[in-house]
1. So for the pair A:E109, A:K233, with labels modelled 7 Å out along Cα→Cβ, what separation do we get in nm?
2. Could you rank the peptides B:215-221, A:216-222 by their average count of other C-beta atoms within 10 Å per residue, with the highest value first?
3. Subtracting the Cα-Cα distance from 0.36 nm times the residue separation, let me have the gained length for A:S408 to A:K450 in nm, one decimal.
4. In peptide B:108-121, how many Cβ atoms from other protein chains are near each Cβ within 10 Å, on average?
5. Per residue, how much space in cubic angstrom lies within the convex hull of the C-alpha atoms of region A:215-343?
6. If you stretched the chain out fully between A:H292 and A:K202, how much longer would it get, using 0.36 nm times the residue separation minus the C-alpha to C-alpha distance?
7. By how many nm would the segment from B:S132 to B:D3 grow when fully extended, if each residue of separation counts as 0.36 nm and the alpha-carbon distance is taken off?
8. If you rank B:C198, A:C303, A:C290 by fewest surrounding Cβ atoms within 10 Å, what's the result?
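Every number here is computed from the coordinates shown, using simple stated rules; none is lab data. Remember, it's a predicted structure, so these values are computed and weren't measured experimentally. Ideal geometry is used to build each Cβ from the backbone, glycine not excepted, and the neighbour counts take in all protein chains shown.
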Amino acid sequence: MKYKILVINDPKELMFGIAPNPVKTRRGLEIGGGQVYAELNFTLPVMSINNSTLAQVYTHYREIAEGALEHALHMNSKGIVLEFETLLEMTKTPSIGVEIVKIMNGVCENYYQKHGLSSEIRLTPNDLREFERPARQRSSQHLEPMMELFEQGMIAGGDLLSIESTGGKEVSDEALMMCDVKGMVFALAVLGVRDMHFLWEKIVGLANKHGKIAAGDSACGFANTAMVLAEKKYIPKIFATIVRVISVVRSIVAMEEGAIGPDKDCGYEGPFLKAITGIPISMEGKTAACAHLSPLGNIASACADLWSNESVQNIKLLSGMAPTAYLEQLEYDARLMNAALHAGKVHSHILQQLLVASDIYTDPQALILSPENVIRISGELVKGDSYVANAKNGALAALDIIEEALLSGKMKLPELETGYLPILRDDLNSIPDNESEFIAMMLPLLDETKFTLAEYGL
Amino acid sequence: MEDLLVKLLEAVEFGKVDKKSPYPPQLRDMDGAHELTISAIEAGIKPQIILEEALIPAMSKVGKKFAECKIFVPQMLMSARAMGASMFQLKPFFASGAIKTKGTFIIGTVKGDLHDIGKNLVSMMVEGGGWSIVDLGVDVGSDKFVEALKNNPGAVVGLSALLTTTMVNMGEIVSTIRVHAPETKILIGGAPVTAEFCQNIGADFYAPDPQKAVEYMNLLAS
């Protein structure tokens, strides 16, 4: 791994709105440059996407962008990011996705020219390679439309480039359900890392060619899936916590390849990436309850630079359309954090402490997101000589932190949960630091019909 | 003989696949579902009895514990694996007709959708309830469901979707199935799906969780 030391060593420096390496955008946002912005994410209501509904689809996105920007203007917003996370049809047929970017960029430009309101579009195509089982990560014909949407979409005005790539998911899906931590390390620190190198070299190359911003790649299909499964009580929260930490070594590869942030919202691995690399991050918490429940509504914002809602359907609420309503909620949260920042370090730390204190001991997934614990775990995530060793060390540090919180009596978990602590620790300790040895250990245990090693360069 | 069935029920309930399996710790070095099923067959216990008095009750207990949040999915999956080890021994008796399942369940994630964790859970639980499973996988269109119904007349169909833009495909699949096999019972599930949506598209049952799917299926079989 490229990173050997932390850019942020002091928990007090891991603060919302401030990143050591802020990102400046075309229309004047400075993400991580001293203030928090809202990042609004949205999707269509229940409807089909086909030739006969395309005009309706375009209208939805135009109305979402106009509604959000008009309300942002009304609220004296300092700027917002619109995340366009495409639906499958929009990546399969890139012209649809590109047209939507054009429409929304037109709206953004109009508000910028007329009112000076800064806004940018984060373009997040789908990873279509999942459609093939086993996936052909490197030779799939699905790569072509994905890359076409990235390139044409950025030309059309999608300035921040992201994806939730799925390399390793063939292994992680089963590993998640079996609480198989070795399987998750293999999926994320071996397969995921290799696929991230392959994919992000291409994305960064395109971004540099067109002067755009390669932002980041969250482990949504891995760690967020784990969190949602834990919320449903399908898997232990402790396991979901460990998966989140392991996912850092996979997501950081985007930065190693040249991505500069802001990292994507549903990656709660963002705080670790910020500590290690200094990039700004997007986070989601209480205002993402429209998309999924979570145990970390407040603490998630402790070091956020963009504050997101994950996704909301464009449906009518009593107040107005849902994306506009969520923009207001995000904006108020951002406004509060910005007021604290402008009042000085003492005030911003008090607000951060309250955000942390209100969640920290309610769930292990929240526990690891306190700035102190982020720094402690991040130190472990960079000290090894391989991604596998770093994943293992980070996960063991997270287990230590959980056990300390339990021993101190500050956090309480049922026996059904705590019974997994020794199992996970034993499993992690059985992982060799050397990647080749780990691969040799794992291959006999895995169903090799489900993934193709050559597609990961193995 | 009864003792064997009790032990087999316990092995499946707690996920003891075979003797060398380290899980669960309290059954370490004891016979698992694999060995106990062989012993039961050798002892002359009818395969149908093995199924109905050990395997199905064991999975029923597992489903109940899961529904009451007393176990997590991994424990349930271990039980399913133990049941699978037992079913492998019983396979010849299914082929010969000596054992009858409750019916066939055709399941798939609908076209345009690749999410399969929920589908797999339902599939496993229904199988544990004594049904044969035809899993069509993900991104499945109406043609594949119709074809599977032709090969498995009278089967119950389960449709899964996780996206608001793919759940609409359930409607088209239900309509097509109604044309080719109007009497087919169809249940649907997935995060954005509701009972109202189920009614609107003409499906028969909305399963908010895997256990509810099993309960509905058992009602159909009763």
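1. Each label point is offset 7 Å from its Cα along the Cβ direction, giving 5.3 nm.
2. On the way: B:215-221: 16.1, A:216-222: 28.7.
Put in order of decreasing packing, that is A:216-222, B:215-221.
3. Details: separation 42, 0.36 × 42 = 15.12 nm, distance 4.32 nm.
Net length gain for the segment: 10.8 nm.
4. 3
5. Values: hull volume 14.6 nm³, N = 129.
Output value, Cα hull per residue: 113 Å³.
6. Values: separation 90, 0.36 × 90 = 32.40 nm, distance 3.12 nm.
Value of the extension gain: 29.3 nm.
7. On the way: separation 129, 0.36 × 129 = 46.44 nm, distance 2.72 nm.
Length gained, B:S132 through B:D3: 43.7 nm.
8. Numbers: B:C198 21, A:C303 30, A:C290 17.
Arranged by neighbour count, lowest to highest, B:C198, A:C303, A:C290 become A:C290, B:C198, A:C303.
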